[in-house]
1. On the given criteria, is ARG185 over 24 Å from SER66 (Cα atoms), surrounded by fewer than 23 Cβ atoms within 10 Å (Cβ to Cβ), without any contact (Cβ under 8 Å) to a residue 12 or more places away in the chain and under 17 Å from the mean Cα position of the chain (by Cα)?
2. Mind checking which residues of the range 135-163 are farther than 19 Å from ARG203 by Cβ and under 16 Å from the mean Cα position of the chain (by Cα)?
3. Kindly indicate which of VAL90, VAL109, VAL132, VAL84 is at pLDDT below 95 and either on the phi < 0 side of the Ramachandran plot or away from the ligand (no atom under 16 Å from the Cβ) (or both).
4. If you take the residues in the range 46-78 that are touching a Phe, Trp or Tyr at 6+ places or on another chain (Cβ under 6 Å) and more than 22 Å from VAL107 (Cβ to Cβ), which one is modelled with the lowest pLDDT?
5. Select from the range 195-225 the residues that are within 8 Å of the ligand (Cβ to nearest atom) and outside any strand (DSSP E or B) and list them in ascending order.
6. Does the range 61-81 contain any residue that is over 27 Å from TRP218 (Cα atoms), in contact (Cβ under 8 Å) with a residue 24 or more places away in the chain and of a type in the set (Val, Ile, Thr)?
7. Are any residues in the range 117-132 closer than 24 Å to GLN170 by Cα and either touching a Phe, Trp or Tyr at 6+ places or on another chain (Cβ under 8 Å) or not in a loop (DSSP other than H, G, I, E, B) (or both), and if so, which ones?
Amino acid sequence: MSLPTHNDSPVLAVIGGTGLYALPGIGNLERVRVDTPFGDPSDDLVMGSIYGRRVCFLARHGESHSILPHRINYRANIWALHHVGVRRIVGVNAVGGMRGDMGPRSVVVPDQLIDYTHGRADSFSDVEGAAVNHVDFSSPYTDSLRRELLASALDCGQTLISEGVYGATQGPRLETVAEIVRMRRDGCDLVGMTGMPEAVLAREMDLAYASLCIVANWAAGCGPEGEPPAAEISVEEIHAHLAVATARIPPLLGRLVSRMGMD
Ligand code: HPA
């Protein structure tokens, strides 16, 4: 592949999660396969344009959703995006909601996370001969990009929840009620399987990174205030909520892109 010059570097990359396997509204599509020192990314990068600005899309689980959360090659994905000139990433993540105001179909821009995953390749410095890198991760999401997302939502009349703590679990199973009680006690508001190590790898590469969390279901044992929680989580319901809420994402990201590229 030919590397982009500075001017055609994408202003934004979107990593789509469950329910978002392409970005509607993106034109001039070109698929780019990137070989990385860490193996294959989840799929081809899809380069295109929105409002005349270059953007890049990657389906985190692959376009046919064939890759389990703990099997995603997060290092290859982030390395490939960096390689084509990406400097800002919005990760779209399906999550379960724990907080009363974070019911199905709400969309949250988290500001903190707690990592409960294990055994995932979570550092670029974890290779023979690489320098040890104790990257600062006090604020795991890039505040300027979070603020741009929130401003874009205001611009297009969408309500986003502007903060929350994302708990990253190993999956692929959903959690027990006791696990969610513990996570709640720890301070988590949302639970998902793909937020880490994506966020820290972006930080290691010095890329701006923010997450748009789409609430697909109440987390195990949670429910609307004053109502008994569901006895179990229905996968059909998850997909139905995701289908509705995900429709909000392309106009929101379009607005975000239209605010970019001026710098
Ligand atoms: N738990 C973990 N990951 C998820 C959930 C959940 O309840 N819903 C969507 N992704």
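1. Taking the combined requirement at face value, the residue does not satisfy it.
2. Going residue by residue through the range 135-163, those that are farther than 19 Å from ARG203 by Cβ are 150-162.
Listed by number, the residues that qualify are LEU150, LEU160, ILE161, SER162.
3. On the way: VAL90 fails: at pLDDT below 95; VAL109 fails: at pLDDT below 95; VAL84 fails: at pLDDT below 95.
After ruling out the rest, the residue left standing is VAL132.
4. In this case the residue turns out to be GLU63.
5. ALA219, ALA220
6. Among the residues of the range 61-81, at least one is over 27 Å from TRP218 (Cα atoms), in contact (Cβ under 8 Å) with a residue 24 or more places away in the chain and of a type in the set (Val, Ile, Thr), which makes the answer yes.
7. ARG120, ALA121, ASP122, PHE124
Let's see how each residue does on (1) crowded, with 19+ Cβ neighbours inside 10 Å; (2) in contact with a Cys (Cβ under 8 Å, 6 or more places away or on another chain); (3) over 28 Å from SER138 (Cα atoms):
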| position | (1), (2), (3) |
| --- | --- |
| LEU12 | yes, yes, no |
| GLY17 | yes, no, no |
| LEU20 | yes, no, yes |
| PHE38 | no, no, no |
| TYR74 | yes, no, no |
| ILE78 | yes, no, no |
| GLY96 | yes, yes, no |
| ARG99 | no, no, no |
| ALA121 | no, no, no |
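The values are calculated or read from the model by the stated rules, or taken from the named source; none is laboratory data. The model shown is predicted, which means the values in this text are computed figures rather than measured ones. So basically every Cβ, Gly included, is an ideal-geometry build from the backbone, and we count neighbours across all protein chains shown.
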